[in-house]
Amino acid sequence: MAKTKRVFIPGCSLSSYRPELVEEVIKYLKNKLPGTGAILKCCGKPTKALGQYDKFKERYAGLQSEIDKLGADEIIVACQSCYLTMSANSPEQKVTSLWELMPEIGMPEGTAAKAEKSDLTIGVHDSCSTRDREDIHNGIRWILDQLGYNTEEPPHTKENTRCCGFGGMVVPANPDLAQKVMDRRTGEFETEHLVTYCAACRESMTKGGKKAVHILDLIFGPVWTSESEFPGLGTPIESWVNRYKTKKKMQKVLS
Amino acid sequence: MQLSENLVREINEIINDCLADESPYCQSRCPLNIDVQGYVTLIGEGKYRQALELIRKTIPFPGILGRVCAHPCEEECKRGEIEAALSIKNLKRFAADMADDPEKWDLSRAPETGKKIAIIGAGPAGATAAYDLQKKGHQVEIFESLPVVGGMLRVGIPAYRLPETVIDREYSILEKLGVNIHLNKEVGKDIDFEALKNDYDAVFVAVGAHDAVMIPVEGSDLEGVLEGADFLRKAGLNQEVKIGKKVVVIGGGNVAMDVARTAWRVGAEEIHVACLECRNEMPAHSWEVEDAEEEGIIMHPGWGPQKIGGNKKVESMTFKECTQVFDEAGNFNPDYCEDNLKTIEADNVIFAIGQRADTSFMNEQLNIKEVDQLTLQSEVENVFGGGDCIGKPLLAVEAMSHGKKAAESIDRYLNSKELTENREEEGAYESKLQKELTREEPVRRRIDMRMLNLEERKNNFKEVELGFNTAEAMGEALRCLECECKECIKECIMLDEYSDSPKELFERVKKDEVDPLVYFSCNMCSQCTIACPNDFEIKDKFMQLRKILVKENNGESPIKGHNAIKWHQRLGFSKLFTTTRAAVDEEDTK
Ligand SMILES: Cc1cc2nc3c(=O)[nH]c(=O)nc-3n(C[C@H](O)[C@H](O)[C@H](O)COP(=O)(O)OP(=O)(O)OC[C@H]3O[C@@H](n4cnc5c(N)ncnc54)[C@H](O)[C@@H]3O)c2cc1C
Ligand code: SF4
Ligand code: SF4
């Protein structure tokens, strides 16, 4: 068996959103960085957010043992919440964000300048959990620039970004309040079209009344224009179906 | 719920240091700490009566302060950084003009205590102390040497700035409350100070500073040389004042301006004011100098008196150029260029260079200037002193603040309470607010006070400032920036929805009066911390509170909506939805 140097962990929300994107990322990493494995498993963050620390420790230990099983010494993540959780709880592994990695290893083949003709101006929503990670903010802007999209920065951006409304498990606890937070955030943008780099943020922006995509949609999907049909909100059932599909796709590309 | 010691400590830190209830710049700079923002906002809302009542809660002299207060508040007003400070003094006068009605004054008093207090002097310091002490249930007697109340408000500040009727009307609250005012009773002459000390439970000495300071200048014994304080007192008491056509006033402070402007009103035609200081170092407020110049008064900043010329009667005044007022060490040490002289023809020379207190009625052992600055108590435990007589010349509002301080001390003394405890926040202090102005704040011009036409001012003491009309007052009130902290509340929808401020919220947290939903409504986004000048980690407190709630609820979240998460979590860990895949190709290891 080949040695697994690093492992890509797509996280729950991305795999519930669009399995194809996870598949494309793995293919891209395999191509650029041979020696990359992958794990689909929850890190337990939701329990932590609720204050269930004992449960969280137990859950995270489950994930950690999978990482250790592969012997990886680096974790690549595409979710900012995963980034924080894993940085704090996997001291033996180096945790890298896909968005800081891309400028280093280059865009996937054939994606550069592909959207130069797009008529869209896309508003950039930064995740609040990594508000102090300048390299991630820069990476995202680098990617958008490489693709060729015009962008808009809202008044609160980068280290000063505002929460999408999803954080802290507020949506199930206090949906009305969460909706207000979402509406206020989307209200900051002039453009109707937004890009996020977290699937949960994308959902919030959509609930806040905007047309929103994940940055991986821009990288691996079609060229988006004002004519494009933007993804809406999935049902819980669809999410679980997607997760199952993600698992299958991961097993396929890594076999 | 049971909070850990640590958490309680962290919460207390927020409760103590949160700036949510920190006074705005104006209020903290007011020696009386009047709720400026409060009454300005009420004026803006058209609630004049409530605005007035808010001022009256602190001080019964809104019309007096609204006319003559030197407004240290305006110096700190944040608006000043945009275009000009709010016209706070004039808004106070507007509230008084519009809504003050003696019929509606609050004349309530605490139950009689049976204690008797003597106050010497009916100036602002004495009157304020009398008001507070009488309200607290004590019986106050005021002894005043003049035939009128008001002190320097009346015999210093001329009536064209502060009409007598305003003083009499506002002072009338004292007698309505039961204060006995004994006019024409000079302590030391008509009444013995020792007797007061023995017959009363406490004595407050507030005799002001009424003796003019004179300097030895050649010719100062000539006929026509006058003392400023004396001149103003006569005018204030409506006595006849004789003055020639040409007058020289010596001094560069507010008193000199009042002397000059009064001289103009009683018949002088050419009035000169000379002082040692250069123009921008003149001790008078800039607006006092401007108002005087508008009335044709000629300023000679940077000139010191050399000699008064004349034969029996004043004929001229000669000045020498002043090259330095203070030396390098900051001491008053004037230096002159004796070769550069100028002589002005004059019928009168009036000295307005300062006043000192006459406290000769007290025996020599008691120096009233040595009162304790924190409590205003003298070496003799039942004697207190405040206002202009304890040292430096004050503003009227500072004298009133002394009156309040003395009243508080006397009340504590009479109740055998500790005098020094918790007194730091009395009087003016520096606000801890850190408001940053956004450049979006629109410029709004400060509304000027309308003034009596120049021609109408001559030969009379009609009030010069005409007061704001409703439109002007509303416009001015709207300029208030409503400075406050609450940066977190402006940033966080949830804090705004569930609390007035973190200080208020965490006070309730400690009492376990907060709905757990609040803790579970934090997005954990840190936006509050970024906004907070204290960098309070508020989300961290909510996280700790969540943990406690979960622990006390058998490891489960107490929030209904969170039930589903339990199932999502189980699925997220089940084999059906998880996989671990090793790499299928080796990294090139060149
Ligand atoms: C000309 C002038 C203009 C001023 N203009 C302003 C201004 O525009 N704004 C501002 O804020 N401040 C102004 N001030 C300052 C302000 O008026 C004083 O700081 C304030 O009045 C001091 O108050 P007080 O109560 O300590 O003394 P005073 O007001 O001086 O009152 C003391 C009282 O004690 C009485 N008294 C004295 N000795 C005895 C005795 N032995 N027995 C009985 N009674 C006695 C006096 O007759 C007097 O009524 C001005 C002062 C002067 C002189
Ligand atoms: S961390 Fe919590 S309390 Fe602070 S701004 Fe965000 S949601 Fe509000
Ligand atoms: S930002 Fe909020 S928590 Fe911080 S000091 Fe101001 S009011 Fe208090």
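The values are calculated or read from the model by the stated rules, or taken from the named source; none is laboratory data. Given the structure is predicted, the values throughout are model-derived calculations rather than measurements. Glycine gets a Cβ as well: all are built from the backbone with ideal geometry, and neighbour counts include every protein chain shown. Areas reflect the complete protein model, heavy atoms only, side chains present, ligands, DNA and RNA absent. Shrake-Rupley method; radii C 1.70, N 1.55, O 1.52, S 1.80 Å.
Only residues that are more than 13 Å from ligand 2 (Cβ to nearest atom) and crowded, with 20+ Cβ neighbours inside 10 Å were counted across the range B:484-494, and they come to 1. Residues in the range B:495-523 that are within 16 Å of ligand 3 (Cβ to nearest atom) and open to solvent by 40 Å² or more (accessible area, probe 1.4 Å): B:D496, B:E497, B:Y498, B:D500, B:E504, B:E507, B:R508, B:K510. Under the condition of being near ligand 2 (Cβ under 7 Å from one of its atoms) and open to solvent by 40 Å² or more (accessible area, probe 1.4 Å), the residues counted in the range B:527-548 number 1.
When each of B:D221, B:D201 is tested for being at pLDDT below 95 and open to solvent by 20 Å² or more (accessible area, probe 1.4 Å), the lone residue that passes is B:D221. The criterion of at least 3 residues that are closer than 30 Å to A:K245 by Cβ, within 7 Å of chain A (Cβ to nearest Cβ) and in contact with a Gly (Cβ under 9 Å, 6 or more places away or on another chain) is met by the following helices (runs of 4 or more DSSP H) wholly inside the range B:490-590: B:563-573. Criterion applied to B:A125, B:A159, B:A130, B:A195 was being in a loop (DSSP other than H, G, I, E, B) and within 14 Å of ligand 1 (Cβ to nearest atom), and the one residue passing it is B:A159.
Is it the case, given these coordinates, that A:G209 is crowded, with 20+ Cβ neighbours inside 10 Å and outside the structural domain of A:G51 (by TED's automatic domain parsing)? No; evaluated as a whole, the condition is false for this residue. Within the range A:163-172, the set of residues being surrounded by 24 or more Cβ atoms within 10 Å (Cβ to Cβ) and facing chain B (nearest Cβ under 8 Å) comprises A:C163, A:G165, A:F166, A:G167, A:G168, A:M169, A:V170. Within the range B:122-140, residues that are modelled with pLDDT under 95 have Cβ atoms under 9 Å from residues that are among the β-branched types (V, I, T) in no pair, counting only partners at least 6 apart in sequence or on another chain. Residue count for the range A:46-67 under the criterion of being in contact (Cβ under 8 Å) with a residue 24 or more places away in the chain and either more than 21 Å from the chain's Cα centre (by Cα) or facing chain B (nearest Cβ under 10 Å) (or both): the result is 7. Contact map, the range B:216-233: first residue charged (D, E, K, R), second residue away from ligand 3 (no atom under 16 Å from the Cβ) and part of a helix (DSSP H, G or I), Cβ cut-off under 6 Å, separation 6 or more or different chains; pairs are B:R233/B:V155. Taking the numbered list (1) assigned to a loop (DSSP other than H, G, I, E, B); (2) out of contact with any Gly (no Cβ under 9 Å at 6 or more places or on another chain) in turn, B:E472 passes all entries but (1). The numbered conditions (1) surrounded by fewer than 20 Cβ atoms within 10 Å (Cβ to Cβ); (2) more than 14 Å from chain B (Cβ to nearest Cβ); (3) of a type outside the set (V, I, T); (4) part of a helix (DSSP H, G or I) are all true for A:Q179 except (2). Scanning the range A:94-115 turns up no residue that is modelled with pLDDT of 95 or more, within 13 Å of chain B (Cβ to nearest Cβ), away from ligand 1 (no atom under 16 Å from the Cβ) and in contact with a strand residue (DSSP E or B) (Cβ under 9 Å, 6 or more places away or on another chain). Scanning the range B:475-489 for residues that are part of a helix (DSSP H, G or I) and in contact with a helix residue (DSSP H, G or I) (Cβ under 7 Å, 6 or more places away or on another chain) returns B:E476, B:A477, B:E487, B:C488, B:I489.
Among the conditions (1) farther than 17 Å from B:R457 by Cβ; (2) buried (at least 21 other Cβ atoms within 10 Å of the Cβ), the only one that B:R261 does not satisfy is (1). Within the range A:139-162, the only residue that satisfies the criterion of being within 7 Å of chain B (Cβ to nearest Cβ) and either part of a helix (DSSP H, G or I) or away from ligand 2 (no atom under 16 Å from the Cβ) (or both) is A:N160.
Looking at this structure, is B:A195 touching a residue at least 12 places away in the same chain (Cβ under 8 Å) and either within 20 Å of B:I410 (Cα to Cα) or crowded, with 17+ Cβ neighbours inside 10 Å (or both)? No: the conditions fail for B:A195.
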